[in-house]
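The values are calculated or read from the model by the stated rules, or taken from the named source; none is laboratory data. Since the model is a prediction, treat every value here as computed from it, not as a measurement. All Cβ positions, even for glycine, are placed from backbone atoms using ideal geometry, and neighbour counts span all protein chains on display.
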């Protein structure tokens, strides 16, 4: 069994590989990255992940970055965990990679603009415009996902996969803004179903524990109407 360490910040997309590790049921360690302290830009962390982002998964001392790569590797290394559908050929594998890439490169950048518009404009009027444009961009994507989820409980119909965890993280981040999610009932149902899964419950408990530790140190990240700021 490999030795795993997940570099993690609460509520970030690092929650997705955390759920994957819980689903696999293997031991792992958590290293907390405090964004409010700038640890993602420390020389020590940049030596592991020069992009200065989470997640980073350390496997037997070797770093692996980017959720598409991390999740694909975990699924291939632990096939009995059922993180992704079993495939019979390269074309099916490409479809699964497309689904993961849709989350990582199609949806995640829009989430960033909804959650932290001040990173893209330094005036209140401009930030409001960034949010409005991101909302307009996300709605047709959510419509596609909601329609697909109307045909089955999960993204792949009757079987759960780690793609569901990724989609749910996106939903969680968007629903935490002023974005009106009432037009997407199947995504809301999907959220409720996912929270019943034991691996997700365990991962959310870890997330809450880490968030509590950071808050106790005054290093929490909170969100206001203007976006993300360090808690006082």
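Condition test on residue 74, is it buried (at least 18 other Cβ atoms within 10 Å of the Cβ) and outside any helix (DSSP H, G or I)? Here the answer is no, as residue 74 does not meet what is asked.
Screening residue 4 with (1) over 21 Å from residue 165 (Cα atoms); (2) more than 17 Å from the chain's Cα centre (by Cα) gives one miss only, at (1).
With the condition kept exactly as written, say whether any residue in segment 152-166 is under 23 Å from residue 201 (Cβ atoms), within 16 Å of the chain's Cα centre (by Cα), at pLDDT below 95 and not assigned by TED's automatic domain parsing to the domain that holds residue 21. Taking every residue of segment 152-166 in turn, none turns out to be under 23 Å from residue 201 (Cβ atoms), within 16 Å of the chain's Cα centre (by Cα), at pLDDT below 95 and not assigned by TED's automatic domain parsing to the domain that holds residue 21.
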